[in-house]
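Note sheet for the following structure.
The values are calculated or read from the model by the stated rules, or taken from the named source; none is laboratory data. Quick caveat: nothing in here was measured; it's all calculated off a predicted structure. Here the Cβ is made from the backbone with ideal geometry for all residues, glycine too, and neighbour counts use every protein chain on show. Side chains are part of the model used for accessible areas, which takes the heavy atoms of the whole protein and leaves out ligands, DNA and RNA. Shrake-Rupley method; radii C 1.70, N 1.55, O 1.52, S 1.80 Å.
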Amino acid sequence: MRKPDFKSALITVAALAAATACASIEFKSGGATLRLSETRGAVESLVADGAERVVPAAEAFTLQLLDGKGEPTRLKSSEFAFEPGVPSPSETAAVVGGTTTLPDVSSKLPCLAWRHANGLVVKMKIEAANGEFRFKPSVEGVPAGMLLEWFDGPQVYISSDRTLYWPYWDGGEIADYAHRPYSPSGFVKRFSQSRSCTYPERCQMQFMAAYRDGKGVYFSAVDNRHTPKAVEWERVDDRNVRLSLQTFCGDLDAEGAWRPKFYYSLRPYEGGWMEACEIYRCWVRTLPGFEKPPKRPKWMYDSPVNLIYPVRGEGRDKGRDMKPNRYFPYVNAMSAVVKYGKLLDSRVMALLMHWEGTAPWAPPYVWPPYGGEAELAKFRDALHARGDLLGVYCSGTAWTQISSIIPEYSQEQKFVDEGLWRYMVRGPKGEITARSCNGHDAQRLGYDMCLAEDWPIRTVDEEVGKMARFGIDYCQFFDQNLGGGWRLCYARHHRHPPIPGAWATEAMSALQNRLVATAGRHGMLLGCESAAATPYVPNLFYNDSRPMIILMNHGRPVPGIAFVFHEWQCNFSGNMCVVEDGDPFWRWTYCFHQGDMLSLILGADDRIVSAWMREWRNDPFPEQDELVPLVKRFNDIRKKHPSFLLEGRMIRPFVKCESRPVTLSCSLWGVKNSMEVEEVLTSFWENAKGERIGFASNWQRKPSELKIVYADGRAETRVLAPLETIVLQAR
Ligand SMILES: [Zn+2]
């Protein structure tokens, strides 16, 4: 990264003489001009290269206080008295045409302030460097008996004719905002279900970018403590969308003020989602744990294909008919392992669901396996004798009171006898509840465990130890801990602060360090559901990717996660989770092109199904006889090019590729959606030696034309056979 060039920036305070009453505030940085509104200090304009990148924001910030009972009071900047920052006289330079221009030295920049009648003071220091504007907020004077819960500023508004890169659940683009109802609150509810975008969790990166015609704006929290945030957007009216980096404020200084050491960055840039991801990747490279690639197990270099299946039930596991299926006793699955090992000419990892001896999806307890250790040991040994691998899904760090799948399974008595209620996550009012998979019609009734408390840490460490000692090769322990994250805890009786903050990320990182050490002693790898969020990537670098989920928000998946993290985190194509319908050839091709390792999902009779949510009997999937050879071809390419597709970095295209657009319809969790995609998918890679390569795949089962335009302007059109992949060489 370039070092900030503070000298390149200028600050102009128009009509400085009247600054205390009403000032127009303008900052310049590397050719970009940022303007804040006269009366509120809200972001009004960001111009670079003659192009406006934002629209005026209504507020500079919003924040929320909680009283002693957890009742919220939300305040917005317009309810405060605004004091534009006034530089000290010694810093004043020449007055030119009614404006005063100051040399920009960050330490001398004025600090904007807002004062509320209740004593609250919000300050915002703004620095300018290399075309970037850095916002450093602080909040002081929190009234006695109140807690500052979150702060949401600076507020950035964009025009709805821009495309948004949104790092929601493995990331994608939003171009049509109208599917969301207006939501002027901007506040992501703590217990909101699967659609809220919290970092570091199902949101893996703390930035958003909006662009049109190659003119973009990048909005990020440059926060190396990874304070929990909602990385969200809301539609304020038909034409305007607000971007939010709402940040939880549990980390107070000795004076009880919130003075974070990080800053929010707002900057213009040229390009689209890839160029924005490059900015974020440059920052990721500076973080601890990203100095070098992870130490991957040897088997990963053989690119085993996962065979994912449950040993109980026949798909779509809600309800109570969860009898053992044809893959139990476990060794019964060897026929499928042998079959697909041969068809794929590959090592295979049998990746089991519903194998827990407690109940399926009944965390934290999983061991011993269903049917006993001896049964699973026979399968483990049969797999290992062939050079194949054993993996399991778990269900994360929740607590199960009663299984909704196996009604006999209950931990209610233990919960009371041992006072385990003390260790559960609490909401702002002290309430105790749970999020994922919870309900009579879901998988369990229970809570979430607080991972800053000793008892939950010890308990999950013991469970991980049992699986590792048994000889399991891969454990997706953090299923439902999306991105490797966890719930926000407000418990006032726990040893952590009563408001979520960076302490929560540090608690999870500490837990992961401990579990990775426990698992690593026996060669077991840990993973999570969806790609790991930024701070968790060094511990969790092989995960069940979920690129399709953004379709539920009417977005279009783009491989931003792979672009930023692939050299440190190579995931696998996964169980396709909540996908109910959508062309499987496109989905598997998409996963190959984002550099994922590959999976097949087993259904009845050693056949495969198109997604985990499909009921076996309702997923005839006649095309599977074509999908399996496609996966074999993809995996052969992976094995041939590990320096790119396992260890490499995704790069921008070095040739321009165009193919016909096609509309694809998909259905996820009851949400029907359609999107435009290209007939030929491409991706481009660079290895550690600096060599580059590209791949282009026709995912259709008919020929497709690909127009390739080289850097020298030469163009050619290639016809790709059905399901063909070609290699594009860099010249
Ligand atoms: Zn707690």
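Across the options Tyr340, Thr62, Pro72, the greatest Cα extent toward the positive end of the charge dipole of the chain (unit charges at beta carbon of Lys, Arg, Asp, Glu) belongs to Tyr340. Exceedance of the 27 Å cut-off in Cα-Cα distance is limited, within the set Lys28/Lys136; Lys414/Lys466; Lys378/Lys640; Lys229/Lys429, to Lys378/Lys640. What you get for the chain, charging only the Cβ of Lys and Arg (+1) and of Asp and Glu (-1), is a dipole of about 900 debye around the Cα centre.
Within region 210-247, the trypsin sites (Lys or Arg not before Pro) that combine a DSSP coil assignment with at most 13 other C-beta atoms in a 10 angstrom radius are Arg239. Solvent exposure of region 147-297, expressed per residue, is 35 Å² of accessible area, with all protein chains present and a 1.4 angstrom probe. Near the amide H of Asp251, within less than 5 Å, lie the amide hydrogens of Ala502, all on another chain or at least 5 residues away, with H placed in the peptide plane.
Accessible area per residue was computed with a 1.4 Å probe on protein heavy atoms; Glu140 scores about 40 Å². Residues Lys414, Lys429, ordered by accessible area of protein heavy atoms at a 1.4 angstrom probe radius and largest first, appear as Lys429, Lys414. Taking Glu356, Glu375 and ordering them by how much accessible surface each has at a 1.4 Å probe, largest first, produces Glu375, Glu356. Seen against the Cα atoms of the chain and their longest principal axis, helix 273-284 is set at about 90 degrees. Does the chain classify as rounded, prolate or oblate by the C-alpha gyration tensor (a ≥ b ≥ c root eigenvalues; a/c under 1.5 gives rounded; else a/b over b/c gives prolate, otherwise oblate)? Since a/c reaches 1.5 but b/c is at least a/b, the shape of the chain is classed as oblate. Protein heavy-atom surface of region 327-412, 1.4 angstrom probe: 56% of the accessible area is carbon and sulfur, with nucleic acids and ligands not counted. Cross-link partners of Lys656 among lysines, defined as those whose alpha carbon lies under 22 angstrom from its own and excluding same-chain residues fewer than eight positions apart: Lys215, Lys707.
Across all directions, the average flat footprint of the convex hull enclosing the Cα atoms of region 422-484 is 5.6 nm². Within the assembled protein chains, the solvent-accessible surface assigned to Arg514 is about 100 Å², based on a 1.4 Å probe. Show which aspartates and glutamates lie in cross-link reach of Lys295 when reach means a straight Cα distance below 17 angstrom and same-chain residues fewer than eight apart are skipped. Of all the aspartates and glutamates, those that pass the test against Lys295 - Cα under 17 Å, at least 8 places apart if same chain - are Asp473, Glu567, Glu647.
Evaluating 6.51 cos²θ - 1.76 cosθ + 1.60 at θ = phi - 60° for every residue in region 587-596, the Karplus couplings come out as 5, 5, 5, 4, 5, 4, 6, 8, x, 6 Hz, glycine and proline recorded as x. For trypsin sites (Lys or Arg not before Pro), the sites in region 250-290 that DSSP calls loop and that have at most 16 other Cβ atoms within 10 Å are Lys261, Arg285. Per residue, the average separation of C-alpha pairs within less than 8 Å and at least 6 apart gives the chain a relative contact order of 11 percent.
In this structure Val727 has an accessible area near 60 Å², from a 1.4 Å probe over the protein heavy atoms.
Cross-link partners for Lys76 among the aspartates and glutamates, with Cα-Cα distance under 12 Å and sequence neighbours closer than 8 places in the same chain left out: Glu59, Asp152. Of the residues Cys657, Cys203, ranked by 1.4 Å probe accessible area with the largest first, the sequence reads Cys657, Cys203.
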